[in-house]
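Below is one structure, written out as structure tokens; comments come after it.
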Amino acid sequence: MSQNKDAFSTIDTPAVCIDLDVVDANLAKFQAYCDANRLAARPHIKTHKLPAFAHKQVQLGAKGITCQKIGEAEVMVASGIEDVLLTYNIIGQAKLARLKALAARCQLTVVADNQFVLDGLAATFADGPPLRVLVECDSGGGRCGVQTPDDAVALAQAIDGVQGLTFSGLMTYPPKGRIETVRDWLGEATHAFQRAGLSCEVISSGGTPDIWRAHEVSSATEHRAGTYIYNDRSLVVGSTCDWQDCALDVLMTVISRPTETRAVLDGGSKALSSDLYGMQGHGHIREYPAASIPMLSEEHAVVDLSACTGAKPAVGDKVRVVPNHACVVSNLFNSVHGLRDGRVERVFTVEARGLMQ
Ligand SMILES: Cc1ncc(COP(=O)(O)O)c(C=O)c1O
């Protein structure tokens, strides 16, 4: 990153800068880990929303990609991605019609955790090639998902009983820091499925916080990591990675120094999001690691310099902020700057940004 400083003077702010060497290293490390542990890699593209990076992930060996929204999947499939897991309950005629069109253009797998979703899928896919469906399980994360292994079996049986749908396995978005709970939940589920005479071709877990312990979920066949491509402050604070593994910075200019201990930057919640992720402060300033960002308004970040010894930033200086949560930042900018060897190698249009449906 240090030589990329040469490029910063040419970039207007606030702007997202991506260190492409760090991206390459992060992608290669995850793929190598999955290969070594016989896990299929299925990166979640909600972090970058860039077809170019999705293709890079597949070229490195990912089995396919994960998308959260149909709009994201449509962009990725239009760019030539062939295998997509959509980890979201799809509801309503408008979305189901788009899902059917999508399924005709790629190898598509979806999830369901309730009968209402299944009924919609069944009505839509009754007359075509079968759609692959995973049962979403709540292994402790407390979001979507059936609550017990027996509920998972019951929903799987319902899927198998429907013309046009194929039960293909289980999916969970695991709680952070509770790998044993996830392992035990999915292990119990595996036994329940054996007892019921059903096989799970895929058992899909995910997440970056516990990425290097993914192999401990012994029944999992694949891992969906998203944030690992960029990493962020939350993952450094949580000890998953270090600052040098963070690929995404928001470059900002100091626009005011109202007091000896205060600086103001030219980006606020519309550049960094207001996601605290359980931490204090709104990001890490690489040039002033002792500084904190206690307050954001929409277009201003207020920096507290009182813990900084030595030089302090001047009006007009540019600084790099590692955001708390990289994925939401990707959704806030139309384009991002890919940097390598001290220059802007490529400006990427964030093609899947803002696609909430
Ligand atoms: C269903 C699902 N899978 C995988 C991921 C990837 O998690 P992470 O960004 O921690 O890698 C997410 C993140 O929100 C998710 O919702």
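We did not get these values from a lab; they are worked out from the coordinates using the rules stated. Source: prediction; values computed, not measured. In this analysis, Cβ positions are derived from the backbone assuming ideal geometry, glycine residues included, and neighbour counts consider all displayed protein chains.
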If you average the C-alpha positions of the stretch 164-186 and of the stretch 1-74 separately, how far apart do those two centres end up, in angstrom?
24 Å
Per the helix-only calculation at 222 nm, which mean residue ellipticity applies to the chain, given -39500 (n - 2.57) for every DSSP H run of n ≥ 4 and division by its residues, nearest 500 deg cm²/dmol?
-8500 deg cm²/dmol
Below 8 Å between Cα atoms, with a sequence gap of 6+, how large is the relative contact order for the chain in percent?
20 percent
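Over the Cα atoms of the chain, what is the Rg over Rh ratio if Rh follows Kirkwood? Before the final figure, lay out each step's value.
Working: Rg = 21.8 Å, Rh = 21.4 Å.
Ratio of gyration radius to Kirkwood radius: 1.02.
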Computed for the stretch 155-222: size of charge dipole around the Cα centre, +1 on C-beta of each Lys and Arg, -1 on C-beta of each Asp and Glu, debye to nearest 20, value 120 debye
To the nearest whole percent, what portion of all C-alpha pairs in the stretch 26-108 is separated by more than 15 angstrom?
54 percent
Quick one: of the DSSP bridges fully inside the stretch 141-271, what percent are antiparallel, nearest 5?
35 percent
Summed side-chain charge close to ASP138 - residues other than ASP138 whose Cβ falls under 11 Å, Lys, Arg +1, Asp, Glu -1
-2
Rounded to the nearest 20 Debye, what is the dipole magnitude of the chain about its Cα centre when Lys and Arg each give +1 and Asp and Glu each give -1 at the C-beta?
380 debye
Please compute the net charge surrounding GLY207, taking Lys and Arg as +1 and Asp and Glu as -1 over other residues with Cβ under 11 Å from its Cβ.
+3
Over the chain, what is the percentage of antiparallel beta bridges among all DSSP beta bridges, to the nearest 5?
45 percent
How far, in nm, would the chain grow between ALA154 and ALA104 when pulled straight, counting 0.36 nm per residue and subtracting the alpha carbon separation?
15.2 nm
